[in-house]
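> Below you will find the structure I want to go over with you.
The values are calculated or read from the model by the stated rules, or taken from the named source; none is laboratory data. No experiment lies behind these values; they were computed from the predicted model shown. We place every Cβ from the backbone using ideal geometry, glycine too, and count neighbours over all the protein chains shown.
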Amino acid sequence: LEAKFDDSTIFKKIIDSFKDSVTQINFVCSESGIEAQAIDDSRVLLVTVSIPPSCFESYRCDRPTTIGVYLASLAKLLKSANTNSSLTLYVADKPDELLLLFEEPKNQKSMEYKLKLVDITADMLEVDSDMKSDVTVEMSSVEFTKTVRDLTQLSDSFTVSVTKDGIVFSVQGDTAQGKVLLQPREDLADESNNLSISMSKTIDLSFASKYLLDIIKAASISNKIFLKFSDDTPALFEFKMEKGGGVGFYLAPKYDD
Amino acid sequence: KLRQSTLNAFFNKN
């Protein structure tokens, strides 16, 4: 594998977006890019990552390779990333380490790190990326982040309901309750503020607040978030990158006992 | 009282 990001912070943002959700991950590299999936220890949150060749300045993968890494270690190396530096990932044919080369031609500087790869025997879940959903919402990731931060302070459960009137996020704590209603809008001046809802039926789902606080860490990937809900199935929270690919989170709902 | 489900119940293992 030889894959070069013209801006090293792209890869840093991707890794930082889920490094607190899962501890390790297998990156599966092929001609069609880098794909990964990891599930958290409690088996409630699943992270999917897609970095197609369009995200790179140059991308080459001569034969399919799996790169297993501890995310905490990789994240440490990526602290060196900045917008002035490119980052090339190299993996040899017999992979036992990942080489990261940061280059800042302007400053006549280069940095090289090596990361030991790990053998991860993770069972993969079969996720249908075309999974039909009853409700799809596209909204500002900034707005979503603020709403999650504000409401999750009040309760460890976070409820989402969508009707034709809009999307309602609500929490019911022991001492306080809160509710945020957002209605579809079109902001011609700044389309990242748009909110659109397409739905075939209403939904009402509850999730554990702590996972939502993990998910919003990915908001730096995109100023938009796509939410997909169906009754009694995991929800999908997806951040798509400008150049293709992105990071998605499948979150299992909570049920009335 | 809400009970947390897991993803196993929804996705097949590969």
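> Find the residue count for segment A:218-234, including only residues that are within 14 Å of chain B (Cβ to nearest Cβ), closer than 26 Å to A:ASP190 by Cβ and buried (at least 22 other Cβ atoms within 10 Å of the Cβ).
Qualifying residue count, segment A:218-234: 1.
> Would you point out the residue of segment A:238-257, among those that are part of a strand (DSSP E or B), within 14 Å of the chain's Cα centre (by Cα) and touching a residue at least 24 places away in the same chain (Cβ under 8 Å), that is nearest to the other protein chains (Cβ to nearest Cβ)?
Only one residue tops the list, namely A:TYR250.
> Mind checking which pairs have a first residue in segment A:49-65 that is among the basic types (Lys, Arg) and a second that is surrounded by fewer than 20 Cβ atoms within 10 Å (Cβ to Cβ), Cβ under 6 Å, 6 or more apart or different chains?
A:ARG60/A:GLU2
Residues are listed down the side, and each one gets a yes or a no for (1) in a strand (DSSP E or B); (2) in contact with a strand residue (DSSP E or B) (Cβ under 8 Å, 6 or more places away or on another chain); (3) modelled with pLDDT under 95:
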residue: A:ASP119; (1), (2), (3): no, yes, yes
residue: A:GLU138; (1), (2), (3): yes, yes, no
residue: A:THR145; (1), (2), (3): no, no, no
residue: A:VAL168; (1), (2), (3): yes, yes, no
residue: A:LEU205; (1), (2), (3): yes, yes, no
residue: A:LEU212; (1), (2), (3): no, yes, no
residue: A:LYS217; (1), (2), (3): no, no, no
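> Using the structure shown, decide if A:THR159 is within 12 Å of chain B (Cβ to nearest Cβ), assigned to a loop (DSSP other than H, G, I, E, B), within 21 Å of the chain's Cα centre (by Cα) and closer than 23 Å to B:LYS1 by Cβ.
Here the answer is no, as A:THR159 does not meet what is asked.
> When only residues in segment A:125-156 that are crowded, with 16+ Cβ neighbours inside 10 Å, within 14 Å of chain B (Cβ to nearest Cβ) and touching a Phe, Trp or Tyr at 6+ places or on another chain (Cβ under 8 Å) count, which is nearest to A:ILE203 (Cα to Cα)?
A:SER133
> Checking the condition at pLDDT 95 or above and in a helix (DSSP H, G or I), which residue from A:LEU74, A:LEU100 passes?
Checking each option against the conditions leaves just A:LEU74.
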